[in-house]
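> Here it is, the structure in full.
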Amino acid sequence: MECLDSTVFSTFLFYHIQKKGGRAIPPRLSLSLRSRGLLAKDDEITLENMEKQTKAKMKRHSEVINDAIEENDHSEMQYHLARLGKALGYDVWIAQNDHKREWNNQKLGEFSLKRLNLPNISQSIKETIALIDVIWLDKKERIVGAFEVEKSTSIYSGILRLYDLALTMSENQTKFYLVAPDKREKEIKAQLLRPSIRHSNACQISYILFSELRCDCDAMCKFGTDIGVLDKISRNVG
């Protein structure tokens, strides 16, 4: 066997310590050992499996972090919409399954009505509408605004919930909004330009970007008088 210099020997020893402990081998280390013919075939197979496991764990870790960031942003946007609705004098409904979520040390359910009163609507439709992220109602319990906050899930599912609500409304005075991350603006436009949506008379859906709601919420709370204040930051397509 060829004599190994101290660096190569240390590398070889480190590899076997890592292997015994079931830990991942740094890519540069495995490349160094392979180039010198110091890995047996079984070792190479083990090494490849460990590298795959490490990549899978890193991918899952990244997904968990991204999911947490998205959930955090989602709650933040619901918080801004709820606070703004209250400031404009409306009652607010937060999606039934989000009442316990928190933002800025406040439970979102604290802004919300305890019960969404929707007379003359079937229970199945009512359950769908109750999942809309934020709804604003006037003092006569008429819905004046409905908001779907988008994240990584399909934008189309949020649009369908808004359409379900629109089809139950006898009056067309309600405004409908998608609230979305700035990076998804192109996707929002593409969905709203679909012929089945664009040419529907059920409702007109506008969209609001996260950055603009986040930036302008305080000013709108202070100077706004009704839902028309959103005209300054909402956008339409077509």
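> Provide the FRET efficiency to the nearest 0.05 for the residue 72-residue 235 pair, computing r from the beta carbons and using R0 = 25 Å. Write down the numbers at each step before the final one.
Details: r = 24 Å, r/R0 = 0.96.
FRET efficiency, residue 72 to residue 235: 0.55.
> Expected output is a single nm value to one decimal: the length gained when fully extending between residue 105 and residue 212, i.e. 0.36 nm times separation in residues minus the C-alpha distance. What is it?
Numbers: separation 107, 0.36 × 107 = 38.52 nm, distance 2.23 nm.
My answer for the length gained is 36.3 nm.
> If you don't mind, another one. Cα convex hull of segment 83-238: mean projected area in nm², to one decimal? Write down the numbers at each step before the final one.
On the way: hull surface 36.7 nm².
If you wrap the Cα atoms of segment 83-238 in a convex hull and average its projections, you get 9.2 nm².
> Just grab the label-to-label distance for residue 196 and residue 219, each label 7 Å out from Cα along the Cβ direction, in nm (one decimal).
Here the modelled spin labels are 3.9 nm apart.
> Expressed in nm to one decimal, what extension gain is obtained for the pair residue 142 and residue 186 from 0.36 nm per residue of sequence separation less their Cα-Cα distance?
On the way: separation 44, 0.36 × 44 = 15.84 nm, distance 3.21 nm.
Taking 0.36 nm per residue and subtracting the Cα distance, the gain is 12.6 nm.
> A further question on this structure: Kindly list the residues of segment 126-145 that lie in the label zone of residue 170, defined by a backbone N under 14 Å from the point 7 Å along the Cα-to-C-beta vector.
Under 14 Å, as judged by backbone N against the label point of residue 170, lie 141-143 of segment 126-145.
> Taking the Cα atoms of segment 84-146 alone, what are Rg (to one decimal) and Dmax (as a whole number) in Å?
Just the Cα atoms of segment 84-146 yield Rg and Dmax of 11.6, 37 Å.
> Compare the Cα positions of 209, 228, 135 along the charge dipole of segment 128-238 (+1 at Cβ of Lys, Arg; -1 at Cβ of Asp, Glu; about the Cα centre) and return the one farthest towards the positive end.
Highest projection toward the positive end goes to 209.
Laboratory data are not the source of any read-out in this text; all were calculated from the coordinates shown. Owing to the predicted nature of the structure, the values given are computational and were not obtained by experimental measurement. For neighbour counting, all protein chains shown are included, and Cβ atoms are generated from backbone atoms with ideal geometry for every residue, glycine included.
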